[in-house]
Amino acid sequence: MTALFTTDTPELTQHSQLADEHRLSDKTLIIFDWDGTLMDSIGLIVDSMHVAGEAHGFKTTDKAVKDIIGLSLMNGIEILYPYADESQTLAIQQTYAEYYIANSHCTPLFEPIEDMLQTLQVQGKKLAVATGKKKKRARSCIGCL
């Protein structure tokens, strides 16, 4: 990630004040959750699950998919598609991952997350992401920054 702020700007000053208000000024490492914290991924998760389920003959609702967000992918698939056998569950997982990765570039960060991350980086903070995603998916998403 390249820092956009090289001098004190109103935006940097505002974000610095916010960091101080939240007692981040003495922190050296800040760890964020990815889905739902940095990235507004709900739409992509819902779309990916619909595409994956329907590709293998299963249907579900948006609400049901939203209700499993935060669980492991396999656990979520088992809840959404309880009649899928093991091979279908694995196929749904594969289709989900392929669709999600192929479309993750379209998923927006929450406003104004990018500015905040850049501000923290300018302040010398080490930034990390904690996620339940597999390493390959996580790296492809983080590459969007």
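The table for this structure:
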| item | result |
| --- | --- |
| Highest-first arrangement of 50-56, 68-74, where packing means the average Cβ count within 10 Å | 50-56, 68-74 |
| Amide H partners (placed H, <5 Å) of Val129, local residues excluded | Phe32 |
| Residues whose placed amide H lies under 5 Å from that of Phe110, excluding near-sequence neighbours | Met39, Asp40 |
| Per residue solvent-accessible surface (Å²) - the range 56-124, probe of 1.4 Å | 59 Å² |
| Chain lengthening between Ile79 and Ala64 when straightened (0.36 nm per residue, less Cα-Cα) | 4.5 nm |
| Stretchable slack from Asp40 to Ala55, in nm (0.36 nm times residue separation minus alpha-carbon distance) | 3.0 nm |
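The values are calculated or read from the model by the stated rules, or taken from the named source; none is laboratory data. Keep in mind the model is a prediction, meaning the values are calculated, not measured. Because the Cβ atoms are built from the backbone with ideal geometry, glycine has one as well, and the counts that use them run over all protein chains shown. With ligands, DNA and RNA removed, areas are computed over all heavy atoms of the protein, side chains included. Shrake-Rupley method; radii C 1.70, N 1.55, O 1.52, S 1.80 Å.
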